Amino acid sequence: VFSIAVSETGHIWVADRDRNEVVVLSGSIEDLDGYDASSPLGDHHRRISGIISPQQIDINPPNDPDGPGTIWVGSRDAGVTKIAPNGAILANSVPTGFPGGEVKSVSVNSRDGSVWVAGTYNLALAKLSRFGEELLNAGFPAVFLEAVSVDMTDEAAWVVWGNSDPTN
């Protein structure tokens, strides 16, 4: 497991990087205590395959027109994907300047459902609409981007980065 997020609807989303899957769990604490989610589908879970090396998950706002409990998941090789709790793929995007499609970090703007994505080796930051359309793209020469988070006071993005030269 590489990342986990819980929606306001009670869905628990898990990035299973080794199996190239995202798992969505639902149910009460009693339902999930000791629950075996290893099969593709069960009473309280669904496995969504085809997400290559999912790295980070963030939850959409509850007022998202695509429905409550939807997520954005960033992957190592396939950009960023918006997924509904029923497993439907709602959007997929590989932003400009993301060679190989690596997305290291995602952060959803809870006001409008847009999503900021950052990549480590592509040295880029992008803002996408709730439909996955690229709205903004910025390069960061000579730094590794590690994480991004939306500041809800002004809807700007904060970025954690480091120097690409391991000796500095």
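The values are calculated or read from the model by the stated rules, or taken from the named source; none is laboratory data. Fair warning: this is a prediction, and the values are worked out from it, not measured in the lab. Glycine also receives a Cβ, built like all others from the backbone with ideal geometry; neighbour counts cover every protein chain displayed. Accessible surface is based on the protein model in full, side chains and every heavy atom, while ligands, DNA and RNA are left aside. Shrake-Rupley method; radii C 1.70, N 1.55, O 1.52, S 1.80 Å.
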Picking from D64, D36, D31, which residue would you name as being open to solvent by less than 70 Å² (accessible area, probe 1.4 Å) and either touching a helix residue (DSSP H, G or I) at 6+ places or on another chain (Cβ under 6 Å) or over 24 Å from F131 (Cα atoms) (or both)? D31
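Say whether the condition of being free of Cβ contacts under 8 Å to residues at least 60 places away in the same chain, touching a Leu at 6+ places or on another chain (Cβ under 8 Å) and open to solvent by 30 Å² or more (accessible area, probe 1.4 Å) is met by at least one residue in the range 50-58. I'd like the intermediate steps shown before the answer.
If we filter the range 50-58 for residues that are free of Cβ contacts under 8 Å to residues at least 60 places away in the same chain, which is where we start, we get 50-58.
Cutting the leftovers down to touching a Leu at 6+ places or on another chain (Cβ under 8 Å) gives us none.
Looking through the range 50-58, none of the residues is free of Cβ contacts under 8 Å to residues at least 60 places away in the same chain, touching a Leu at 6+ places or on another chain (Cβ under 8 Å) and open to solvent by 30 Å² or more (accessible area, probe 1.4 Å).
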Restricting the range 1-28 to residues that are open to solvent by less than 70 Å² (accessible area, probe 1.4 Å) and β-branched (V, I, T), the residue that is modelled with the lowest pLDDT: T9
Within the range 73-109, residues being out of contact with any Gly (no Cβ under 9 Å at 6 or more places or on another chain) and buried (at least 19 other Cβ atoms within 10 Å of the Cβ) number 5
Counting only strands (runs of 3 or more DSSP E) wholly inside the range 59-144, the ones holding at least 3 residues that are among the β-branched types (V, I, T) and closer than 19 Å to V23 by Cβ are 80-83
Pairing a residue in the range 13-42 that is at positive phi with any residue that is open to solvent by 50 Å² or more (accessible area, probe 1.4 Å) and part of a strand (DSSP E or B), where Cβ atoms lie under 7 Å and the two sit 6 or more apart in sequence or on different chains, gives N20/S49
